Amino acid sequence: MIRLNEITATLTSAWLLTWKQKYPFIADKSKWPFAKDIYIWDEWPVRQSSLLFAGLAYENEDYINTFLRLPANPIHPEVIRNLPVRHPAIWLLEEVWK
């Protein structure tokens with residue numbers, strides 16, 4: 001069981017800064033100021049567990065709402081390969097670990 005208070009205690013301010021920097025581009029990729037740098041540009045972003053975990057750890061509703069808004073079941077193999085945790089709710093259920 002992941003304990004959110006432990007996550008919050010161990011995540012450093014650098015992680016929060018990272019999220020503050022990259023979140024706007026996850027929420028709206030049209031804001032990305034650089035060239036499309038991956039061949040599967042159109043497949044991203046998708047619902048990624050790190051967005052949910054950061055939202056819970058930092059108590060940030062925007063992160064959680066964006067997580068819920070993004071596509072949940074990508075079909076491109078390369079996107080799937082880059083999402084090792086596709087069902088993050090499992091890690092939040094205390095009953096699973098009893």
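The values are calculated or read from the model by the stated rules, or taken from the named source; none is laboratory data. As the structure is a computational prediction, the values presented were derived from the model and not from experiment. In this analysis, Cβ positions are derived from the backbone assuming ideal geometry, glycine residues included, and neighbour counts consider all displayed protein chains.
Taking the range 27-57 on its own, how many of its residues are more than 14 Å from the chain's Cα centre (by Cα), in a loop (DSSP other than H, G, I, E, B) and of a type outside the set (D, E, K, R)?
Count: 7.
In the range 78-95, which residues are outside any helix (DSSP H, G or I), touching a Lys or Arg at 6+ places or on another chain (Cβ under 9 Å) and of a type in the set (A, V, I, L, M)?
LEU83
Quick check on my filter: what residues within the range 48-89 are among the hydrophobic types (A, V, I, L, M, F, W, C) and in contact with a helix residue (DSSP H, G or I) (Cβ under 6 Å, 6 or more places away or on another chain)? Full working, then the answer.
Start the filter on the range 48-89 by keeping residues that are among the hydrophobic types (A, V, I, L, M, F, W, C), which leaves 51-54, 56-57, 64, 67-68, 70, 72, 75, 79-80, 83, 85, 89.
Matches in the range 48-89: LEU51, LEU52, ALA54, LEU56, ALA57, ILE64, PHE67, VAL79, VAL85.
Condition check: free of Cβ contacts under 8 Å to residues at least 40 places away in the same chain, of a type in the set (Gly, Ala, Ser) and within 20 Å of VAL85 (Cα to Cα). Does SER30 satisfy that? Full working, then the answer.
Values: free of Cβ contacts under 8 Å to residues at least 40 places away in the same chain: yes; of a type in the set (Gly, Ala, Ser): yes; within 20 Å of VAL85 (Cα to Cα): no.
The answer is no for SER30.
Among the listed residues LEU56, LEU51, which satisfies the condition of being of a type in the set (A, V, I, L, M, F, W, C) and at pLDDT 90 or above? First the steps, then the outcome.
Working: LEU56 fails: at pLDDT 90 or above.
Going through LEU56, LEU51 in turn, just one is of a type in the set (A, V, I, L, M, F, W, C) and at pLDDT 90 or above: LEU51.
Okay, residues lined up against (1) in contact with a Ser or Thr (Cβ under 6 Å, 6 or more places away or on another chain); (2) of a type in the set (Gly, Ala, Ser); (3) surrounded by 11 or more Cβ atoms within 10 Å (Cβ to Cβ):
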site	(1), (2), (3)
SER49	no, yes, yes
ALA57	yes, yes, yes
ASN60	no, no, yes
ASN65	no, no, yes
ASN82	no, no, yes
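Which of the residues that make up the range 60-77 are part of a helix (DSSP H, G or I) and within 23 Å of THR18 (Cβ to Cβ)?
Passing the criteria: GLU61, ASP62, TYR63, ILE64, ASN65, THR66, PHE67, LEU68, ARG69.
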